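Notes for the one structure printed next.
The values are calculated or read from the model by the stated rules, or taken from the named source; none is laboratory data. Predicted, not measured: the structure shown is a model, and the values here were computed from it. With ideal geometry, Cβ positions are generated from the backbone for all residues, glycine too; neighbour counts draw on all protein chains shown.
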Amino acid sequence: MSEPDSDKVDLRSEIPRFRPAAPPPSFGEFVENMRRLQDLAVCVDATDEVYQQARDRAAELVELLAPYAAREGKGPANRSMDLPGRGSLLMPPFHVEKFDEESVVARGVLRRYHLGGGGVAHGGVLPLIFDDNFGNVVYAAKRPISRTAYLHVNYRKVTPLDVPLIIEGKVDRVEGRKTFITARLTEEDGTLLADGEGLMVQLLPGQP
Ligand SMILES: CCCCCCCCCCCC(=O)SCCNC(=O)CCNC(=O)[C@H](O)C(C)(C)COP(=O)(O)OP(=O)(O)OC[C@H]1O[C@@H](n2cnc3c(N)ncnc32)[C@H](O)[C@@H]1OP(=O)(O)O
């Protein structure tokens, strides 16, 4: 039998404990530069010589970082609460501004690398923002550890890039293992861009 792993949130579950990170000072600037690089990677129109140089410098960066790859929950990405998107490149750069049992509010911008077409955000980015908000709402409401069973987004208006956006989500109702959550994505002046509803289901012992 394998040894119990105290990093698991519950020894019957495969989910790692969530532990906020205190990243080294340069980590935030590194992540912001990586986001800027993503913006450029999706928009530059350069010569082959420039791409060759970019390829080689990117390969150097890979070589520098590869020895430090660590398992989930070790590195600061995704756990740095003071950084946009918790310091995770996967996450849109939003900051949580309110986190309590009533609601979770986060504010941020979508940027060039989130472009879908026609100058506005890719529709697939919005469910990511909603899902992350739902996860935070479950956590803030002190509900048991849960996973998203479904998530429904209504796109009410196109979502602009480089404009402050606000998402606010709250528990709508609880039925046994089920937590139903609703959320709204707006601009700062209250213009509704999208609203969503989701079901988070409490995990049973042993569910990953
Ligand atoms: C501080 C910083 C934090 C940091 C916060 C970080 C935030 C990150 C948040 C990310 C969250 C995720 O994306 S999680 C990843 C995406 N989700 C997943 O991968 C989940 C994959 N699916 C599953 O694992 C499973 O389907 C479960 C666990 C969701 C449910 O399976 P189960 O345990 O067998 O439950 P089951 O008996 O089927 O259903 C239980 C009840 O829910 C209902 N139910 C289940 N699925 C559905 C459904 N799609 N639509 C309607 N109803 C459903 C059933 O009818 C039943 O109702 P009744 O008969 O009892 O009435």
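Screening Leu204 with (1) loosely packed, with under 14 Cβ neighbours inside 10 Å; (2) under 30 Å from Gly117 (Cβ atoms); (3) within 16 Å of the ligand (Cβ to nearest atom); (4) not basic (Lys, Arg) gives one miss only, at (2). Residue count for the range 131-155 under the criterion of being hydroxyl-bearing (Ser, Thr, Tyr) and not in a strand (DSSP E or B): the result is 1. Regarding Arg143, is this residue of a type in the set (Lys, Arg) and in contact (Cβ under 8 Å) with a residue 60 or more places away in the chain? No. Determine which member of the set Val138, Val201 is in contact (Cβ under 8 Å) with a residue 60 or more places away in the chain and not aromatic (Phe, Trp, Tyr). Step by step, each of Val138, Val201 is checked, and only Val138 is in contact (Cβ under 8 Å) with a residue 60 or more places away in the chain and not aromatic (Phe, Trp, Tyr). Listed conditions (1) farther than 19 Å from Ser103 by Cα; (2) modelled with pLDDT under 95 are all met by Pro144, apart from (1). State yes or no: is Asp195 within 24 Å of Lys98 (Cβ to Cβ) and either basic (Lys, Arg) or not in a strand (DSSP E or B) (or both)? Answer is no for this residue.
For Arg107, state whether it is basic (Lys, Arg), buried (at least 18 other Cβ atoms within 10 Å of the Cβ) and either in a strand (DSSP E or B) or out of contact with any Asp or Glu (no Cβ under 8 Å at 6 or more places or on another chain) (or both). When the stated conditions are applied, Arg107 does not pass them.
Residue check: Gly176 meets all listed conditions (1) away from the ligand (no atom under 11 Å from the Cβ); (2) surrounded by fewer than 15 Cβ atoms within 10 Å (Cβ to Cβ) but one, namely (1).
Being more than 12 Å from the ligand (Cβ to nearest atom), touching a residue at least 40 places away in the same chain (Cβ under 8 Å) and surrounded by 14 or more Cβ atoms within 10 Å (Cβ to Cβ) is not true of Ile181.
For the range 31-77, the set of residues classified as in contact with a Pro (Cβ under 9 Å, 6 or more places away or on another chain) and more than 27 Å from Gly117 (Cα to Cα) consists of Arg71, Glu72, Gly73, Gly75, Pro76, Ala77, listed by residue number. Considering Val163, Val158, Val171, the condition of being at pLDDT 95 or above, in a strand (DSSP E or B) and of a type in the set (A, V, I, L, M) is satisfied by Val171 alone. Quick one: Glu168 ticks every box in (1) free of Cβ contacts under 8 Å to residues at least 60 places away in the same chain; (2) buried (at least 18 other Cβ atoms within 10 Å of the Cβ); (3) touching a Ser or Thr at 6+ places or on another chain (Cβ under 8 Å) except a single one, so which number is it? Only one criterion is unmet by Glu168, namely (1). Lys74 meets each of the listed conditions (1) assigned to a loop (DSSP other than H, G, I, E, B); (2) in contact with a helix residue (DSSP H, G or I) (Cβ under 7 Å, 6 or more places away or on another chain); (3) without any contact (Cβ under 8 Å) to a residue 24 or more places away in the chain apart from (2). Scanning the range 184-201 for residues that are among the small types (Gly, Ala, Ser) and within 10 Å of the ligand (Cβ to nearest atom) returns a single hit, Gly198.
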